[in-house]
Structures are given as C-alpha cells and as structure tokens.
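Chemist: Structure below; questions to follow.
Values in this text are rule-based calculations from the coordinates and carry no lab data. Since the model is a prediction, treat every value here as computed from it, not as a measurement. Counting neighbours? That spans all protein chains shown, and the Cβs are built from the backbone with ideal geometry, glycine included.
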Amino acid sequence: MAKIICSGIAKSYGNVEVVRDFNLDIEDKEFVVFLGPSGSGKSTILRMIAGLEEISGGVLKIGEKDVTHLPPKDRGVAMVFQNYALYPHMNVYDNIAFGLKRLKMPAAEIKQKVDNVVEMLGLQAFLKQKPSQLSGGQQQRVAIGRAMIKTPEVFLFDEPLSNLDAKLRHALRKEIHQLHKRIDTTTVYVTHDQSEAMALADRIVLLESGNIEQVGSPTEIFNYPRTRFVADFIGSPSMNFIEGQIVKTDNGYRFKGADFDMALDESLYDDLQQGAVTLGIRPVHMQLSDDDAINGEVIDLEYLGNENSLTIKLGGQEIVAVLPEGISPKVGAKISLTAPQDKLHLFVNDVNLYRVGA
Amino acid sequence: MGEKMARFLNFNQPLVKIILFFLVVFSLFPVVWTIINSFKELVDIVTPIPKLFFSPTMENYIYVFSRPKIQIALMNSVIIVGSALMIGSIMGIPAAYALAKYKIRGGEDIKFFVLSLRFLPPVAIAIPLMAIFLDLGLYDTKMSMVITYTLLTMSTIIWLSIPAFEQVPQSIEEAGIIDGYGPYAIFFKISLPIAAPALFGAIIFSFVLVWNEFLIALMLTTFDAKTLPIVASEFTLLGRNVPWGILNASVIILSLPPLIFLGAISGFLNRILKGNK
C-alpha cells in the first residue's frame, strides 16, 4: 500500500523558487503522469519524491510515512532515468543485482530474483553483456529491470523514452503500460510528450512554471481543458484560437469573429456574458458546413493517410482543420467550416467557461 | 569535413606514405642509434665512420649495473618515485573526486591553486624546499625527496583526475543512491571503476614526470638520496674521455620504465576503447 501525499511541497535554489505549494494525492497503484514543457518543474518534483533533491518546504508522505527528509533508500522508491544511467563497468546481471547486493541477500536468492525480472523483460540473452553493447531500448529495459527487482512501493520514471526513436518509443510505452497492470505499483512518470501522457496515465498532472494547471484523466484534460494553456498543450495538432466577442441577440448568445458569427449553446457554459472572448476549436473537431460557418481560404493541404490537414486563412490568422480523406479542396479554394456545439471552448482571461459534465 | 580530412590523409597514397616514413625515421633514429651504441665498445663508437656491423657487447650494461652508485640510485628512484606516486594517488584521487562532484566553497580557487603549483619554475620550488629540509635535518634523505615529489604527483594527479570524474554522469551516481548506496560506496564501486582508465593515464603521466625529474633532485640531494637521472648524468663528468657506451646504456636503462609504462597504458586504453564499441 503506497499512497503518495504531497502537501505544500516547495523547492527553491537560493532566492529562486522553482516549485511552491505543490499539493497532490496519488492513490495506491495509480499511474500518474507529470506533463509539462521544459522548466515546468516536473522533473524537480519527481526528484524530490525520489529523494535526490532536497525538499525546501512542505511534507511528503509515502504510504502514511513522513519521508520528507529521508534518504532515497528509506523511501521505498525505484527510478528509471532518461539516459538509462546503467553502470557501464558492470554486465546486465550485475546492473540489475547491484541494489540487492547491498542488502546482503544470499547469492542464490539474488539469482532467483534476477532471473524472474530478466524473463519478464526478455533480457535472458544479454545477461553477460555490458550496457555499451546493447541498443537504447534494451538498455532502458535493463534500467526498468533494475528498478523492478527491488519491488519498490513507488516507481519513478524520468522521461524514460525521450532518448529512443519513435518506433521503439511506442513499443516500450506499451510495455510499460502492460508492466504497470501486471505489477500494480504506484507510478509517477514524467514526460513532455503529451501523447505518451495520454496513453499511459490514469491521471495527468499538467504543470507550468512549478504550478499545477490541471489534474485529471486524459479524457477530462482533452475534453475539458481548464485553461487556455492546457487546451494549447494537449492535442495534436494544437487547438485553434480565434479572438472575438460574445454578443447577446434575441435568439440567444452568439460568437462574433472578424467576419463570421455562430450560435452558442448557453447551457454548456458557466456564466456567459457579453464581451471579449477567445474561441477554441480543436482541428479534429472541425467539419464542413453550409451555414453558421467560419469562412476561409485553403492555403495548404497535408495528406496524412486517412485524413487531410488543411491550413486555412481566416481574416488575419491561420487555423488548422483535420478532415476526412475524401475532403480535399484545392489550395486557394474557399471553404466553410463549423464544429459541434459541445466542442466549442470559450476562454475569458485564459480560463475555460466550459461547464464540466454539461 | 571529417570525411574530406580523411580523404586528404589517405594513408595509401604513396606521397603520404613517404612523408610518414621520413617522420618515423626522423623521430626514431636517435633512439635506435642510442640502443645500437649501448651495445658497442668505445672504439667502435668513436670511429669517424659509423660502424653498422660490429660484434655486440653487454659490457656497458654489466658495467652500469655493477656500479654500487647506480644500484643505489636505481633503488632510490624506485622507492622515491613509487612512494610519491602512491601517496599522490591515495590523496589526489579522492581530492579530485571531491572537487569534481561536490560544490565546495572555494573549489574553483583550490583547482587553480593546484594548477598554479605547476606554473612555477622548478628552481623556485627547490630553493625554499632546500632551506626547509636543511633546517629540519631532512636534506639529502629519501623522505625529503618523497615529500617533494608527492607535491608534484599529487597536483598533477588532481589536475588530470578532475575531468575524469566530471565525465562520470551524475545520473549514474544517482542510480547508485537510489539503489541505496552511501557516498563512499558510490565512490569506490561506481565512480572509481568508471573513471579508472583516465585515472590510470593521470598516474602514468605523473610517473613519467617525476621519474625523469632532474633539477629539483639535483638541488635536494648530494649523496644518499640521489636518483637515477642525477647519477646517470654524472657519467659525463668522468674525465676527458666520455664513456659513450656506458652513457648510452644508462640512458636506455633510464628510459625503459617510462616506455614500458607507456606501452602498458596504450595497450590498456586500446582494450578499453574496443570494449566500449
């Protein structure tokens, strides 16, 4: 049983505050992903949980135990690093067994445990090899084995797939996902790759300059981004943002852009008021329309296989729409687009007015 | 760029081969000549026309090794250089590790100070040391030479070992911390073995430095603690007839240990580099 409780965790280097007042409860067996751009403090927080970085303020509990100022070995954590961090002078077997040797465990028991882990990760053939003789994917598998063997209460991953090529990244991501299901250990995973976060997380913690922007399941974060930052960061291609006004007419509220306007379903939003607003629509939610439409000119078309990504000039800005393969207008053609009512996001002061659950 | 260079320096081109051949001859000839002469009798060396065919003799070597002076000097060199290397390594390597890995107040100043020891001309070090050792009654003892040479080996080893430890990635040490090891275990079980090849180089380099050292030894010893370079140089002062054969033999004896060590390290480095491929 290992719940992680961060209450008011802070980190500062001298006078520079990197993280302040970080509060988060991570449930037992949960897979939580810290997602954010570089400099968002995600790795710093992970390293504080690991015990590699001193905690400047607040309390950290792992499994009901206050570990705020305990060294890593007393926290029950295991960690996988971005650059694998294998011991280059030891072979695969010794790399995995190194942590157990400290515990003065009998050699036979160590061998038994290493064999189990090695079999689970398919590393049997490499036991006698040095890390430098392995590929990146194999090295990271060894690093995962080294972390697993200690049967930790908490698994920490610090951008473990960043140094791998796209295909391998995909494969190993799936393995980590399945592994988590099998060994059922509380996991904190840091990445800057939103697709990785979406694929792996039970819950995503989206960070920006040391602050939590939003915590939620991947679907929540994708469908109900709380702020414009979240909306922009999650989803590929990124959400389109169109500046405009909310105006009240006899037929209800409407969004007025530079040269178009469209109806808004009042029941979907909290506190709809007249005034300046930013309309957000994901490219994948765009569809062709006849009326109530965003009218623009196609200036680029990328063929993506099962769909086309269109760049459209709209007034002074460019927006992107991802449409089914069949729809492939010529560059220069006029096009009319809209989106379903429940896929429209309205941001006032960068906060989404969307009523969650509506 | 690299490829262009490689094409330019194609070792199969005849011209390049010829240039390389002359470079090798140019740099090896004096050494070869010394070796040849060390096996000649004096008459064969001083003939106006160099003799390439002669009956080789071991007499020069037998003479050199049978001299008590040489035997003592060889022992002195081995003891003094060996001790200075050992103490310099035992103290210098952990010091370099601390400077490389921990943020110590004044760490940069310490690094510069260590380096600055090597800026001074040897005479500037030798004169004050001579005064100190005379006062302490240590002048012309092996102890004073060990102390002095330790200053040289330690500063060289520290200076060369800092980059060796800086190249050990921080995350590998952190992996050790996560695996539950303390700072000493991490030094001995992780950082030291990873940095070992570079540290070995640093030790060899400082060995060559003190084994060949002449000026300080000349000023700090008069009789008991003379090292091999001093005694070997004294063969030139034996009289009007310079004993060339003996001189050549002693030069070879003097040069062999550094050469053997350099041979060892190049073999060692080759193995390491191949192992990492």
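Chemist: Select from the range A:28-133 those trypsin sites (Lys or Arg not before Pro) which occupy a DSSP coil region and have at most 12 other Cβ atoms within 10 Å, ordered by residue number.
Modeler: Hits after loop and neighbour filter: A:Lys104, A:Lys128.
Chemist: Where does the range A:122-230 land on Rg(C-alpha)/(2.2 N^0.38 Å)?
Modeler: 1.20
Chemist: Rg (Å, one decimal) plus Dmax (Å, integer) for the alpha carbons of the range B:182-229?
Modeler: Spelled out, the Cα radius of gyration and Dmax of the range B:182-229 are 17.1, 49 Å.
Chemist: Using only the Cα atoms, what convex hull volume per residue in Å³ does the range A:65-205 have?
Modeler: 125 Å³
Chemist: Cross-chain or 8 or more residues apart, Cα under 19 Å: how many lysine pairs in the range A:233-352 fit that? Count them up, please.
Modeler: Taking the Cα cut-off of 19 Å, the pair count is 5.
Chemist: Which one of A:Leu70, B:Leu74, A:Ile149 is farthest out on the positive end of the charge dipole of the protein assembly as shown, using unit charges on Cβ (Lys, Arg +1; Asp, Glu -1) and the Cα centre as origin?
Modeler: With unit charges placed on the Cβ atoms, the residue in question is B:Leu74.
Chemist: Stokes-Einstein D for chain B at 25 °C, 0.890 mPa s, Kirkwood Rh over Cα pairs, in µm²/s?
Modeler: This corresponds to a translational diffusion coefficient of 111 µm²/s.
Chemist: Same structure, new question: Provide, in order from the shortest bin, the percent of all Cα-Cα pairs of the range A:245-292 in each 5 Å bin, continuing until the bin that contains the maximum pair distance.
Modeler: 5, 18, 29, 28, 15, 6, 0
Chemist: What is the P(r) of the protein assembly as shown, as percent of Cα-Cα pairs per 20 Å bin from 0?
Modeler: 14, 31, 28, 17, 8, 2, 0
Chemist: Also, quick follow-up: For chain B, modelled as a Gaussian network with Cα springs under 10 Å, which listed residue fluctuates most, B:Gln167, B:Gln71, B:Gln13?
Modeler: Greatest mean-square fluctuation among the candidates belongs to B:Gln13.
Chemist: State to the nearest 20 debye the size of the charge dipole of the range A:233-352 about its Cα centre, where the only charges are +1 on K and R beta carbons and -1 on D and E beta carbons.
Modeler: 220 debye
Chemist: Report the paramagnetic label zone for B:Leu117: residues of the range B:210-229 whose backbone N is under 20 Å from a point 7 Å from Cα along the Cα-to-Cβ axis.
Modeler: Correct set: B:210-221.
Chemist: Name the residue farthest towards the positive end of the dipole of the range B:119-231 from the options B:Gly201, B:Ser144, B:Gly182, assuming +1 on Cβ of Lys and Arg, -1 on Cβ of Asp and Glu, about the Cα centre.
Modeler: Result: B:Ser144.
Chemist: In nanometres, what is the gap between the two model label sites at B:Thr34 and A:Lys167, each 7 Å from Cα along Cα-to-Cβ?
Modeler: Distance between label points: 5.8 nm.
Chemist: If the label point is 7 Å along Cα→Cβ of A:Lys174, which residues in the range A:131-160 have backbone nitrogen under 15 Å from it?
Modeler: Flagged as within label range: none.
Chemist: Calculate the translational D of the range B:142-214 in whole µm² s⁻¹ from Stokes-Einstein, where the hydrodynamic radius comes from the Kirkwood formula applied to all Cα pairs, the temperature is 4 °C and the viscosity 1.567 mPa s.
Modeler: 95 µm²/s
Chemist: Ratio of Rg to Rh for the range A:254-358, alpha carbon only, Kirkwood?
Modeler: 0.99
Chemist: How big is the Kirkwood radius of the range A:1-147, worked out from every pair of different alpha carbons and given in Å to one decimal?
Modeler: 17.1 Å
Chemist: From the backbone phi of the range B:82-97, what are the Karplus-calculated ³J(HN,Hα) couplings (6.51 cos²θ - 1.76 cosθ + 1.60, θ = phi - 60°) in whole Hz, Gly and Pro given as x?
Modeler: Along the range B:82-97, the couplings run x, 5, 4, 5, 5, 5, x, 6, 4, 8, x, 5, x, 4, 5, 4 Hz.
Chemist: Let me ask something else. Taking 0.36 nm per residue of sequence separation and subtracting the Cα-Cα distance, how much length would be gained by fully extending the chain between A:Gln124 and A:Lys256, in nm to one decimal?
Modeler: So the chain would gain 41.1 nm between A:Gln124 and A:Lys256.
Chemist: Ordered by residue, what ³J(HN,Hα) values in Hz, to whole numbers, does the range A:220-225 give under the Karplus form 6.51 cos²θ - 1.76 cosθ + 1.60, where θ = phi - 60° and Gly and Pro are x?
Modeler: Once θ is set to phi - 60°, the couplings for the range A:220-225 become 4, 5, 6, 8, 10, x Hz.
Chemist: How large is the helix-only mean residue ellipticity at 222 nm for chain B, computed as the sum of -39500 (n - 2.57) over DSSP H runs with n ≥ 4, divided by its residue count, in deg cm²/dmol to the nearest 500?
Modeler: Result for chain B, helices only: -24500 deg cm²/dmol.
Chemist: Working only with C-alpha atoms, what are the Rg and Dmax values of the range B:59-154, expressed in angstrom?
Modeler: 17.4, 60
Chemist: Also: Count neighbours as other Cβ atoms within 10 Å of each site's Cβ, and list the trypsin sites (Lys or Arg not before Pro) in the range A:198-258 that are DSSP loop with at most 13 such neighbours.
Modeler: When the trypsin sites (Lys or Arg not before Pro) of the range A:198-258 are filtered for loop state and at most 13 Cβ neighbours within 10 Å, nothing remains.
Chemist: Could you please state, rounded to a whole Å, how far the C-alpha centre of the range A:299-343 is from the C-alpha centre of the range A:149-205?
Modeler: For the range A:299-343 versus the range A:149-205, the Cα centre distance is 34 Å.
Chemist: Taking 0.36 nm per residue of sequence separation and subtracting the Cα-Cα distance, how much length would be gained by fully extending the chain between A:Glu325 and A:Arg182, in nm to one decimal?
Modeler: 47.6 nm
Chemist: Could you put B:Val81, B:Val32 in order, starting from the residue whose Cβ has the fewest other Cβ atoms within 10 Å?
Modeler: B:Val32, B:Val81
Chemist: Under the rule that an exposed site lies in a DSSP loop and has at most 11 other Cβ atoms within 10 Å, name the longest stretch of chain B with no chymotrypsin sites (Phe, Trp or Tyr not before Pro) of that kind, not counting the sites themselves.
Modeler: The longest uninterrupted stretch comes out as B:120-222.
Chemist: Now for a different question. Which entries of B:Lys40/B:Lys226; A:Lys29/A:Lys113; A:Lys113/A:Lys150; A:Lys101/A:Lys128; A:Lys73/B:Lys189; A:Lys101/B:Lys103 show an alpha-carbon separation above 19 angstrom in the structure shown?
Modeler: Among B:Lys40/B:Lys226; A:Lys29/A:Lys113; A:Lys113/A:Lys150; A:Lys101/A:Lys128; A:Lys73/B:Lys189; A:Lys101/B:Lys103, the Cα-Cα distance tops 19 Å for B:Lys40/B:Lys226; A:Lys29/A:Lys113; A:Lys101/B:Lys103.
Chemist: Okay, next question. GNM, chain B, Cα, under 10 Å: largest mean-square fluctuation among B:Ile178, B:Ile125, B:Ile18?
Modeler: Evaluated over chain B, the most mobile residue of the options is B:Ile18.
Chemist: If you don't mind, there's one more thing I want to ask. Lys/Arg Cβ at +1, Asp/Glu Cβ at -1, dipole of the range A:233-352 taken about the Cα centre: which of A:Pro324, A:Leu268, A:Val298 is farthest positive-ward?
Modeler: Sorting the options by dipole projection puts first A:Val298.
Chemist: Counting each DSSP H run of 4 or more residues in chain A as -39500 (n - 2.57), what helix-only mean residue ellipticity at 222 nm follows after dividing by all residues, to the nearest 500 deg cm²/dmol?
Modeler: -7000 deg cm²/dmol
Chemist: Another one. Looking at chain A from every direction and averaging, what is the projected area of its Cα convex hull in nm²?
Modeler: Quarter of the Cα hull surface area: 21.9 nm².
Chemist: Under a cut-off of 17 Å between alpha-carbon atoms, report the lysines in cross-link reach of A:Lys11, not counting same-chain residues fewer than 8 places apart.
Modeler: Correct list for A:Lys11: A:Lys42, A:Lys61.
Chemist: Something else: Given the options A:Asp271, A:Asp94, A:Asp21, state which has the largest fluctuation in a GNM of chain A using a 10 Å cut-off (strictly under) for Cα springs.
Modeler: A:Asp271
Chemist: According to the Cα gyration tensor, what semi-axes, each the square root of 5 times an eigenvalue, does the equivalent ellipsoid of the range B:1-138 have, listed from largest to smallest in whole Å?
Modeler: Sorted largest first and rounded, they come to 42, 34, 14 Å.
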